[in-house]
Structure formats: C-alpha cells, structure tokens
Amino acid sequence: MTMAPNDTARLLIEALPYIRRFTGKVVVVKVGGLLMTDPARMRSLAKDILLLHSVGIRPVLVHGGGPQIDVEMARAGIAVERIDGLRVTDEASLDIVRMVLVGKTNRQLVAAINALEPVAVGVAGEDARLLEAEAIDPRLGFVGKVVAVRGALLHDFLNDGLIPVVSTIGADPSGQPYNINADDAARAIAIAMGAEKLIYLTGTPGLLANPDDPTSVISLLSAAEARAQINQSGVTGGMIPKLTACAEAVEGGVTAAHMLDGRVEHSLLVELFTDQGIGTKICDEQ
C-alpha cells in the first residue's frame, strides 16, 4: 500500500518534536532471542536502530538468545533446567551460552546493522568488566546478577559515533564469567547510563488487562502500579521480570520504560515518534 504524499508529510511533522526531544538522549533497547530467530525481523530492527542513530539519538542494543541456546544445548545432549525462570548454568552450559550470545547472536546483530552502515560494535558484558556480576544462587551455578556497570565505556562508544550491541555475559573481579538475564542487564545499563528510555521488544502486545484479549493493552502505568500488577493472577512468566525491571528502571532515574510488541514491524519507531504510540509505558511523569 502506497502512502499519499500528504500522509507522509503529516507523519514526518508529527515525528519532528519527538526527534528534537530525544536527540542526544540514550535509549536502551533490549531484544529477546525469539525475535531474532526471524532474519526479516532482525533486518527491520537494524534499520530502526540505525534511524535512531542517524537523527542524533544514542541507542544501545542489548540482546538475549534463549531459543538459540536451547538449540545448541540440545545438540550437545545437555538437558535444559530452570529454577524460578532462570537457566541453570553449569560449566558445560556456560561454554554454550558464551558461544551463542557472544560468538553467534551478537555477531548477527552487529552484521545486520553494519550491512546498512558500519557503525555497530559488539561488546560482551565480560569485556573490560562492562557488567560486573556476582552469583545469584548456588543452585543456579554460573548465573549472575549485575552489581556494577561501566556506563562510561558505552558512552565512549556513543561519543565515537558507534552503536554498542551488548551480549549479557558478565564477570566477577576474578574474571569468572556469568550468564546474566538480559532483561535485568538492560535495566542495569539504562540506570547506569542515565537513559531517557528503556525499551523491551517482546513477543506480546504489552501488558494486558485480560490475558485472553490481545487488544486489552494497558497503555500507561506508574512504577508503583507496575509493581502492583506483578501480583495479579494474569501476570505470569516472562512478563513478571520485565515489569519488575521497568519499575526498577523508572525508580532508578530512567525517564520511561516500555514493553512493545517486537513482532510488529517498526513498533520501536511508532512508540518513539508518534502521538499514539504502542504497547505499555511505565513512567512517573505527570
């Protein structure tokens, strides 16, 4: 469908104040591994991230890779075990996690952006101790939580005109790597960098008032309201850590956190640059 010239002009005019508002601001975007199983979606995301960069916004892309890790673990004959939604990661599993996140998924995202313009740089959380971690629970093995972020390192990349693409393997002061939940890593990065926005691209339309009705998206919540939603019976699975991370990000100084449907083409741009927006926004702005 071809858009009429007047409609195109209206969209551009609508986007202008948002571009002005967000120019020079850090926007942390977290994309899940499920969305990266589709090469077309990955190319579309690369275009969106490059557009943000091109208009002066400072994007940082953080990624997971759960489905890809599951595939490689199955090939290695290693059973997947989870406790409270977190992957139990022994030494053999950690090798696979590092291989997939750092050596494969990260490279694919970097290549997708650099195919358009050579401005993306891949960085693992264990590089230069970007994400300093410590163990969460002995039962989980080498699964860590972020205790410190070298936000200045990411700002240096941005100041050099580059787009950092972060894989979420952290390390403790001894150099021991840890598998870190990508949702929580993105939250920690957004807070450390003083981000304007933290955006989660998910496989759902946002937080739903009725889990059986995909049109019942709750468009706006405060951090306190987001925390209250966590205890609702309809909020389960991956939505719980995302809601928690969004609330913590806003409480930590991030202006707004968003959960968007990454399956919708250019949902990132619609949320940032149009009056209507899309998905669920968590903020404490009046």
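Using Cα pairs closer than 8 Å and at least 6 residues apart in sequence, work out the relative contact order for the range 153-286, in percent. Contact order relative to length: 27 percent. Each part reduced to its alpha carbon centroid, the range 234-286 and the range 36-68 end up 16 Å apart. Considering every alpha-carbon pair of the range 43-115, the percent of pairs per 10 Å bin, from zero through the bin containing the longest distance, is 17, 41, 24, 16, 2.
Considered as an equivalent ellipsoid built on the Cα gyration tensor, the range 134-283 has semi-axes of 27, 20, 13 Å, the largest given first. Using the rule -39500 (n - 2.57) for each DSSP H run of four or more residues, divided by the residues of the chain, the 222 nm mean residue ellipticity is -11500 deg cm²/dmol.
Dividing the alpha-carbon radius of gyration of the range 32-190 by 2.2 N^0.38 Å (N being the number of residues), what value is obtained?
Compactness ratio reported: 1.02.
Applying both filters, DSSP loop and at most 16 other Cβ atoms within 10 Å, to the GluC sites (Glu not before Pro) of the range 46-113 gives GLU81. Under the criterion of Cα pairs below 8 Å and six or more residues apart, the relative contact order for the chain equals 20 percent.
Once you have a ≥ b ≥ c as the square roots of the Cα gyration tensor eigenvalues for the range 150-202, tell me rounded if a/c is under 1.5, and otherwise prolate or oblate according to whether a/b is larger than b/c.
It is oblate, given that a/c is not under 1.5 and a/b is not larger than b/c.
The 3J(HN,Hα) values that the Karplus relation (6.51, -1.76, 1.60; θ = phi - 60°) gives for the range 52-58 are, in residue order, 4, 4, 5, 9, x, 7, 10 Hz. Gly and Pro appear as x. The alpha-carbon positions of the range 135-179 define a convex hull whose volume is 70 Å³ per residue.
Can you tell me what percent of all Cα-Cα pairs in the chain are more than 34 Å apart? In whole percent, the share of Cα-Cα pairs in the chain beyond 34 Å is 16. Determine the share of the range 101-203's accessible area contributed by carbon and sulfur atoms, expressed in whole percent, with a 1.4 angstrom probe. Roughly 49 percent of what the probe reaches on the range 101-203 is carbon or sulfur.
Take each peptide in 178-184, 132-138, count the other Cβ atoms within 10 Å of every residue, and average; sorted highest first, the result is 178-184, 132-138. With a cut-off of 14 Å between beta carbons, the residues surrounding THR23 carry a summed charge of +4, where Lys and Arg count +1 and Asp and Glu -1.
Per residue, the solvent-accessible area of the range 129-286 (1.4 Å probe, heavy atoms of protein chains only, all protein chains present) comes to 41 Å². Surface listing: ILE57, ILE191, ILE13 arranged by accessible area from highest to lowest gives ILE13, ILE191, ILE57, probe 1.4 Å. When Rg and Dmax are taken over the Cα atoms of the range 74-150, they come to 14.8, 43 Å.
Each other residue within a Cβ distance under 13 Å of LEU35 adds +1 if Lys or Arg and -1 if Asp or Glu, for a net charge of 0. For the chain, a simple Cβ point-charge model (Lys and Arg +1, Asp and Glu -1, everything else neutral) yields a dipole of about 480 debye relative to the Cα centre.
The values are calculated or read from the model by the stated rules, or taken from the named source; none is laboratory data. All values derive from a computational prediction rather than experimental measurement. As a convention, Cβ positions derive from the backbone with ideal geometry for all residues, glycine included, and neighbour counts pool all protein chains shown. SASA here: full protein model, heavy atoms, side chains in, ligands and nucleic acids out. Shrake-Rupley method; radii C 1.70, N 1.55, O 1.52, S 1.80 Å.
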